[in-house]
Structure formats: structure tokens, C-alpha cells
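In what follows, a structure is listed as C-alpha cells, so that the remarks can point back to it.
Quick note: the coordinates plus some simple rules give every number you see, no bench work behind them. Please read all numbers here as calculations on a predicted model, not as lab measurements. Glycine gets a Cβ as well: all are built from the backbone with ideal geometry, and neighbour counts include every protein chain shown.
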Amino acid sequence: MRAYDLADRPDLARLLGIEPYEATVERFVLVTVEAFDWNCPQHITPRFTVEEIDKLVAPLHARIAELEARLKEAKASSTTGMPR
């Protein structure tokens, strides 16, 4: 990281201005990134197994299936004009 005054790098100072904000850039900091890495999955311990997740979401899938069946039934009865 290096701090600059406007006189040091007027070319970059112009790029950093935010329009229509009428402030004058007087100083800025330039950060040089030498390395970057996302969280490496090699060192992240999974909190749940696939089986545990499947068990937890099973009631949600069952509820979705129930609601989809009810919606299909409601659509069918609305096209025939007869309640079921």
C-alpha cells in the first residue's frame, strides 16, 4: 500500500473522482495485490454430510410436492368451472 498526493499521480487522481460529487481528490492510496486466493476447500471442514442435509430438507420437498399437487388441482377445477 502506498499513499499518494495529487501532484504525485494526477493521472490516477482524475480517474478516482466520483461524478457528480464535486469533491477534489487531494490524496489517495494505491494497493498492490501480490497474491489472492479464495477459501481453499482443502482446508474447510464440511459441517454436514449430504445424507444429513437430505434428511433435513425432506419435509420441505414433501411440502412442495403437496402444494404443487394442490395448485394443479385448483387449476384443473378452474378450467372446468366446477369446484372439487
If 36, 28 are placed from fewest to most neighbouring beta carbons inside 10 Å, the sequence is 36, 28
Matching label, mean projected area of the Cα convex hull in nm² computed from the structure shown, candidates (1) 14.6; (2) 6.5; (3) 11.8 | (1)
Estimated [θ] at 222 nm from DSSP helical runs (n ≥ 4, -39500 (n - 2.57)) normalised by residues in the chain, nearest 500 = -15500 deg cm²/dmol
Low-density loop GluC sites (Glu not before Pro), the range 15-66, at most 13 other Cβ within 10 Å, DSSP non-H/G/I/E/B, are 22, 26, 34
